[in-house]
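Just so it is clear, none of the values below were taken in a lab; they were calculated from the coordinates. In this text, all values refer to a predicted model and were calculated from it rather than measured experimentally. Here the Cβ positions follow ideal geometry from the backbone for every residue, glycine too, while neighbour counts run over all protein chains shown.
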């Protein structure tokens, strides 16, 4: 039996041992795709296991993230800093080998891949970012050898059924991302059974039609054939799809049956498989000769390239070329420094403008300070105004363009941004708030990976009117706030928008910036610097404190106006602007009670679901919108919904005067 077969079989055995020990996992892909991933790692990936974060390494994304045992076994065999003891903690609390790959946790894992299809879109983003950064360096040195890597993805039938994968691949084809290679483990089986009734796409024609090089590999167990197909893809001037027709759970008693997909195998089945594979070692044991063989294959192929790349890096370190050094800092330290200080910008008291226009201006101030800040729209730049001036659209002819035209592909756009951000870039994407629902799965992954991505959402309430309830957001703010580790802002005016961007520039956080379409003046006492505290007093009570109105966004101005009118009722009302619930709740209890003293009546004013406001006021005092809107003139819609100014004023006055 040759060394390659030994290596493949031992990867399979390790994967089965991990799943058996955890009593959880997916053995089917371990047995079907091991030859593919082994050939990729041993013959093609430019990696350096002793330096897993080498900035010019090829990236690998396991879009079929349930196959993590296969990936971890391969990484161990290749020499990454993963021990046998680590393998035995697979899927356990505090293990570095979680159930699905997680970015920043496991050496050799380049992406947290979440739900199926996400990884393909992530890889598209990585490939796009590689091209962008490579061309920034080429602008400084046309002979550079710092950045030039490929991005590979292992995906399955489920990935290609998910709509996000088609969105992302269609975009990749249009972008001509020739350094992107998809390896398709086509076993025609999913968790519930054969795909024959649910997925009959001709993937060859489908991918050729969107601009991919496509090759069907005749024997997906043959290392030479797999090797050749990857070599062919690397020569192509297009993104590539390599189709490997495999057998799910090969050699299992249940091979080619859905039960082998996501359920640990029986002891008898594992014994039978290992006998077929000539595996005689105890669980988690591997032959020393096999480890030496795999690791020497990688070393002999990559070490010279690695050393040349490091020498090139060291040359630039002493060259004093500030632009290239800045690029290296981004790649290595993931450190994009954008020096934006809101104190440097004074706003005229007569300022009055649509908030999306204001946001556009501030976004461009930020963009002018760093080439590492870029992003795009989903065909709505003219509506959201979130685009960078004085640059072109990013494409194959203009790889340094900083506006990314995602087309009408919200799901893919957000996941593509995730891939880009793993290379250290700060990115943004914009659409209307109601369409954030298309983006939530990838936004969740942005926050989970703690990536510096800004999601800009405009048209933030039912006041957009004529487009009707399909386009009028109601529940979206609540669902955004429910995502852990993401900061959601709804600023009230130009000062607060500047405060939001100051936070974005100074922090590596996932942010949702919710901007109104409506014109708003500069509000007296609005404070950019206090935005980072999440809430502050924008209008102080004049005498005793009779009550507090908490508001966000355009409703802050309404609250301030109401508080003035309530003087006629002998009420002295404080108005609190709360652009970010999350940041306010991170402040000390002392600060929170300073802004919102206990035993003082509070009301909340925000045109959306009331579900996120229970910590701040009793339900009867939360004036939101829990129903879908109507199509009509904005004022008519607001009046019909009981959310016009006069109606709200009477409701809030009643709440403040109530003795309950």
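The table for this structure:
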{"item": "Mean Cβ count within 10 Å, highest first, over the residues of peptides 119-126, 305-312, 554-561", "result": "119-126, 554-561, 305-312"}
{"item": "Mean ellipticity per residue at 222 nm, deg cm²/dmol - from DSSP H runs of n ≥ 4 across the chain, formula -39500 (n - 2.57)", "result": "-12500 deg cm²/dmol"}
{"item": "In degrees, nearest ten, helix 555-565 long axis to first principal axis of the chain (Cα)", "result": "20 degrees"}
{"item": "Crossing angle, helix 223-235 versus the chain [Cα axis fit, 0-90 degrees, rounded to tens]", "result": "50 degrees"}
{"item": "Between 0 and 90°, nearest 10: helix 163-175 axis offset from the chain longest Cα axis", "result": "80 degrees"}
{"item": "Residues 257, 567, 237, sorted so that the one with the fewest Cβ neighbours within 10 Å comes first", "result": "237, 567, 257"}
{"item": "Equivalent ellipsoid semi-axes - Cα gyration tensor, the stretch 138-198, angstrom", "result": "34, 13, 7"}
{"item": "Centre separation in Å (Cα based) which lies between the stretch 204-249 and the stretch 499-575", "result": "57 Å"}
{"item": "Extension gain from residue 570 to residue 295, taking 0.36 nm per residue of separation minus the Cα-Cα distance", "result": "91.0 nm"}
{"item": "Cα extents of the chain along the three principal axes, largest first (Å)", "result": "93, 58, 47"}
{"item": "Nitroxide proxy distance, nm - points 7 Å out along Cα→Cβ at residue 245 and residue 354", "result": "5.5 nm"}
{"item": "Cα-projected label distance for residue 588 with residue 192, points at 7 Å along beta-carbon direction, nm", "result": "5.5 nm"}
{"item": "Taking N as its residue count, the alpha carbon Rg of the stretch 606-660 over 2.2 N^0.38 Å", "result": "1.21"}
{"item": "Stokes-Einstein diffusion coefficient of the stretch 1-153, Kirkwood radius over Cα pairs, 10 °C, 1.306 mPa s, in µm²/s", "result": "98 µm²/s"}
{"item": "Estimated FRET transfer efficiency when R0 is 41 angstrom, pair residue 475-residue 51 (beta carbons, to 0.05)", "result": "0.35"}
{"item": "Zone of residue 2's modelled label, taken as backbone nitrogen in the stretch 226-248 under 15 Å from a point 7 Å along Cα→Cβ", "result": "226-229"}
{"item": "Separation in nanometres of the label points that stand 7 Å from Cα toward Cβ, at residue 382 and residue 319", "result": "4.3 nm"}
{"item": "Ranked packing of 589-599, 223-233, most packed first, by mean Cβ within 10 Å", "result": "223-233, 589-599"}
{"item": "Contour excess over end-to-end distance, with Cα ends at residue 308 and residue 507 and 0.36 nm allotted per residue", "result": "68.2 nm"}
